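Encoded as structure tokens, the structure appears first; notes follow it.
The values are calculated or read from the model by the stated rules, or taken from the named source; none is laboratory data. Since the model is a prediction, treat every value here as computed from it, not as a measurement. Note: ideal-geometry Cβ built from the backbone for every residue, glycine included; neighbour counts use all protein chains shown. Side chains included, ligands, DNA and RNA excluded: accessible areas come from the protein's heavy atoms. Shrake-Rupley method; radii C 1.70, N 1.55, O 1.52, S 1.80 Å.
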Amino acid sequence: MSSTVQDRVEELREQIRYHNKRYHQDDDPEISDAEYDALVRELALLEEQHPELTADDSPTAQVGFAPSEMFAPVRHLSRMMSLDNAMSLEELNAWGKRMERFITGQIDFACELKLDGLAVSLIYEGGQLVRAATRGDGTVGEDITHNVLTIKSVPQQLQNAPPLLEVRGEVFMPVSAFTRLNELQARAGERLFANPRNAAAGSIRQKDSRITAGRELAFFAYQLGQVQQGPSFARHHQTLGYLKELGLPVNPENRVLPSLEAVHGYCQEWQEKRHSVDYEMDGVVVKVDDLAQRLELGATSKAPRWAIAFKFPPEERNTLLRDIMVSIGRSGKATPFAVLEPVRVGGSTVGLATLHNEDQVRAKDVRPGDTVIVRKAGDVIPEVVGPVLSLRKPDSQPWQFPRICPECGAALERAVGESDTYCTGSDCPKQREQRIVYFAGRGGLDIAGLGERTVQLFLHEGLLKDVSDIYNLDWARIRRMENFGDLSVQNLQNAIETSKQRPLANLLVGLGIRHLGGAGSQVLARAMGSLDKIIQASEEELAAVEGVGPVIATSLHTFFQQEHNRQLIERLRAAGLNFAGPGDPTLPQVLKGKSIVVTGTLEKYSREAAEEAIKARGGKSPGSVSKSTTAVVVGEAPGAAKLTKAQELKIPILDEAAFERLLETGSV
Ligand code: IVH
């Protein structure tokens, strides 16, 4: 095992402990739940793959549970039935017609998204979750209590619950979680899950619940089962309301509709927007809402007559994999992608699909010339699932990762123990282009108007070589170029000027230092106070910053050791970029005790940059004007309420020039 894995595990543990403290003890989390979950998942997976690294004091050991016994059989309190399917709206209508033979009068339909996960039954005794079971054969399921206890959205304790309550619902894996899981699986050379449903099933049917705990599963309740001494209800939707009151998650998209026409509308609407949510669905479950009507309808041996599953058409198609090529990113990373015979999948035409890295290509065993299954998963990102082996040509050969960069001809190399392959060219034009695009991108210096096309154009014209040239563009020449009118030149100039004042964390992100993301940059900027401090710091000092750790520290240190990077930094300094962090102690604290409100758009400062500049000098910058406001800085199109309030309270109003004097001198 390489020592980098161990380093990473320790770094993750340290980060998670730090964020646990911020969240639970300080009530002041620094990162989003999703970012936190990603750290925990990565750690759990590394520990799973390297059992020798597990430790009792690891944060993961405190989430999961001891390995369970074999799955014990669980007899369901009543049978868990399945559903009949309707493959078209006609079949849905036919189901409606059949029901008229059994009941007369108005029928209300409860419509629910048919989540693609697995059915479970939960038993609560005295409000406490005591048992969870899979459907199994419908009569006897498997005991998966330990694993279900690790699912965050399944409450372990219900408020005001009856002595016995059975709930049925779906355990599933959100699409985003599925994507991340497969990335980690491939990196580890492990087998990939074909879809979120398989991943959910594979995760819940584990002996060791620590594995389940690392696999972010979720749950929606869709049916009230047996209840002792509970309230009684006449309608299905009321039972769901009751489950929600008890604290169980119920899908908010459920609707009760008065006619089959309205049900059609619901089905069509969701078929179109099925990817607008972070879970997969394969249809709509339509249920009779009135529970007395359900009794009259009864069931066949397999399924109730009062419900049906309207199935969406599948979002998988077969097509020809014409070729596999690689694209080069800003760090030189060579990413293989599939060139497909264009095919309509899930409402759009797919011609290209990423294959992520060499291991993914190998894990999927896709080869040029194969007929492959293309699938629309999550959002709109198409994916190659795998080859149709029965259609593979006898002379087909496994694909080989190219040895040479298609952009610059330098060698492509993959380091031992890493999943990614890199272009080794020191002057690869594609890398250069992508670095500039990234620097000017959203997470970086956010320069509107400097996207990929413009960067390509400027590179082609010899106007740009590296990111520092952004601040020394030959505007006279740009004005002579096609597509650059006065207005677009002016806008780009303004955007570049504003970018100089972006927070230090954005600059750090923009530099594209390996392993350093948004969260790490913020922590660093705050802890070190300025770019110069970061550059001067030793590796140990950097690693000692809470939330940084050895991997990022080494990467930072290496980056700033390199002469060409140091020269770049000096050029950026000369261009006037902000090198000061939010708490730079070298800045005179001229605004201490002062409260400055900013409203409207300033020319040189984005809103966040203006607020950071105030805070960096010891001041406060609240969102509203009050008696204690020292001054209000007003840009273009200010908030009317703030302006009026400032005038009412006779608070000084500053323009941008006065604001800059204020930052320097502290006086209004
Ligand atoms: S009701 C007797 N509601 O679909 C009624 N099922 O093919 C049983 N499913 O095994 C199920 N979402 O795993 C119901 N809102 C929903 C559902 C749902 C997904 C699954 C469930 C069931 C399968 C039926």
* Asked: Size of the stretch 352-468 along its principal axes in angstrom, Cα-based, largest extent first?
  -> 53, 34, 29
* Structure fact -> In degrees rounded to 10, the 0-90 angle between helix 260-272 Cα long axis and the longest Cα principal axis of the chain is 40 degrees
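Going by accessible area, probe 1.4 Å, with all protein chains left in place, what is the ranking of M99, M81, largest first? Intermediate results must be reported in sequence, preceding the final value.
On the way: M99 5, M81 70 Å².
Sorted descending by solvent-accessible area, the residues read M81, M99.
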* Asked: Which percent, nearest 5, of DSSP beta bridges in the chain are antiparallel?
  -> 90 percent
* **Loop-located trypsin sites (Lys or Arg not before Pro) in the stretch 191-278 whose Cβ has at most 14 other Cβ within 10 Å (DSSP)** => R191, R205, K207, K273
* Asked: With every protein chain left in place, what is the accessible area of D84 in Å² (1.4 Å probe, nearest 10)?
  -> 60 Å²
* **Whole-angstrom gap from the stretch 573-651 to the stretch 374-439, using each part's C-alpha centre** => 46 Å
* What would the Debye formula give as log10 I(q)/I(0) at q = 0.22, 0.23 Å⁻¹ for the alpha-carbon point model of the stretch 417-459, no solvent? -> -0.75, -0.78
* Rolling a 1.4 angstrom probe over the protein heavy atoms, how many square angstrom per residue are accessible across the stretch 502-581? -> 40 Å²
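Below 14 angstrom from the Cβ of A334, what's the summed charge of the other residues (Lys, Arg +1; Asp, Glu -1)? Could you put the intermediate results ahead of the total?
On the way: positive: R330, K333, R403, R414, K430; negative: E358, D359, E407, E413, E418, D420.
Local charge sum for A334: -1.
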* Asked: So what's the projected area for the stretch 441-515, the Cα convex hull averaged over all directions, in nm²?
  -> 5.1 nm²
* Relative contact order (%) - criterion: Cα under 8 Å, at least six apart; region: the chain -> 10 percent
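Would you tally the net charge around S396, using a Cβ to Cβ cut-off of less than 9 Å, leaving S396 out, and scoring K and R as +1, D and E as -1?
Details: positive: R367, R392, K393; negative: D370, D395.
Residues close to S396 contribute a combined charge of +1.
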* Structure fact -> With Cα coordinates, the longest principal axis of the chain makes an angle with the long axis of helix 550-561, in degrees rounded to 10, of 30 degrees
* Cysteines in the chain that, by Cβ-Cβ distance, have no pairing candidate under 4.7 Å -> C111, C267
* Asked: Considering only protein heavy atoms and a 1.4 Å probe, what is the carbon-and-sulfur percentage of the accessible area of the chain?
  -> 49 percent
* Asked: Of the cross-linked pairs K273/K376; K152/K302; K533/K615, which ones have a Cα-Cα span greater than 24 Å in the structure shown?
  -> K152/K302
* To do: Obtain the nm distance between the two label points defined at S626 and L320 by a simple spin-label model: each point lies 7 Å from its Cα along the Cα-to-C-beta direction.
  => 7.0 nm
* Kindly sort H236, H356 by accessible area of their heavy atoms, largest first, with the probe set to 1.4 Å. => H356, H236
* Hey, got the Cα dimensions of the stretch 446-602 along the principal axes, in Å, largest first? -> 51, 41, 24
* To do: Using only the Cα atoms of the stretch 120-224, each taken as one equal point scatterer with no solvent, compute I(q) by the Debye sum, divide by I(0), and report log10 of the ratio at q = 0.12, 0.22 Å⁻¹.
  => -0.41, -1.17
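Just want to confirm a number: the relative contact order over the stretch 191-316, from Cα pairs under 8 angstrom separated by 6+ residues, in percent. Can you show the working numbers first?
On the way: 90 pairs, mean separation 24.5, N = 126.
Here the relative contact order equals 19 percent.
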* For the stretch 378-536, report the translational diffusion coefficient in µm²/s to the nearest whole number, using Stokes-Einstein at 20 °C, 1.002 mPa s, and a Kirkwood Rh over Cα pairs. => 113 µm²/s
* **Relative contact order computed over the stretch 443-498 (Cα-Cα under 8 Å; 6+ residues apart), in percent** => 42 percent
* Please work out the average accessible area per residue across the stretch 217-292, using the 1.4 Å probe convention, and give it in Å². => 46 Å²
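Where does the stretch 120-159 land on Rg(C-alpha)/(2.2 N^0.38 Å)?
Numbers: Rg = 10.2 Å, N = 40, 2.2 N^0.38 = 8.9 Å.
Here the answer is 1.14, to two decimals.
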* **Proportion of all alpha-carbon pairs of the stretch 212-290 beyond 17 Å (%)** => 57 percent
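Take the Cβ-Cβ distance between S396 and S327 as r, set R0 to 22 Å, and report the resulting FRET efficiency rounded to the nearest 0.05.
Numbers: r = 24 Å, r/R0 = 1.07.
For R0 = 22 Å, the calculated efficiency reads 0.40.
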* To do: Hand me the trypsin sites (Lys or Arg not before Pro) from the stretch 427-464 located in a DSSP loop with no more than 16 other Cβ atoms within 10 Å, in residue order please.
  => R442
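At 0.36 nm per residue, and after removing the present C-alpha to C-alpha distance, how many nm does the segment from F102 to E341 gain when stretched out fully? Display every interim value, and only then the final one.
Details: separation 239, 0.36 × 239 = 86.04 nm, distance 5.08 nm.
Taking F102 through E341 to full extension adds about 81.0 nm, to one decimal.
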* To do: Write down the Kirkwood hydrodynamic radius of the stretch 522-635, to one decimal in angstroms, obtained as one divided by the mean of 1/r over all alpha carbon pairs.
  => 15.8 Å
* Karplus-derived 3J(HN,Hα), 6.51/-1.76/1.60, for each residue of the stretch 193-200, Hz, glycine and proline x -> 7, 6, 7, x, 5, 4, 5, 5
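Computed over the Cα atoms, what is the radius of gyration of the chain divided by 2.2 N^0.38 Å, N being its residue count?
On the way: Rg = 29.6 Å, N = 668, 2.2 N^0.38 = 26.1 Å.
For the chain, the normalised Cα radius of gyration is 1.14.
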* **Rounded to whole Å, sorted largest first: equivalent-ellipsoid semi-axes of the stretch 236-373, Cα gyration tensor** => 44, 18, 14
* To do: Have a look at the stretch 310-368 and give its Rg and Dmax from the Cα atoms, expressed in angstrom.
  => 13.5, 47
* Structure fact -> For T349 the rounded accessible area (nearest 10 Å², probe 1.4 Å, non-protein molecules ignored) is 90 Å²
* Over what distance in Å are the Cα centres of the stretch 255-312 and the stretch 127-168 separated? -> 24 Å
* Asked: How much of D108 can a 1.4 Å solvent probe reach, expressed as accessible area in Å² and rounded to 10?
  -> 30 Å²
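When Lys and Arg each count +1 and Asp and Glu each count -1, what net charge do the other residues less than 13 Å away from R305, Cβ to Cβ, add up to? Intermediate values should be presented prior to the final figure.
Values: positive: K97, R98, R101, K287, R294, K302; negative: D84, E100, E296.
Around R305, the charge tally is +3.
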* Asked: Over all distinct Cα pairs, what is the inverse of the mean 1/r for the stretch 318-407, reported as the Kirkwood hydrodynamic radius in Å?
  -> 13.5 Å
* At D466 and S348, where each label point lies 7 Å from the Cα along Cα→Cβ, what is the point-to-point distance in nanometres? -> 3.6 nm
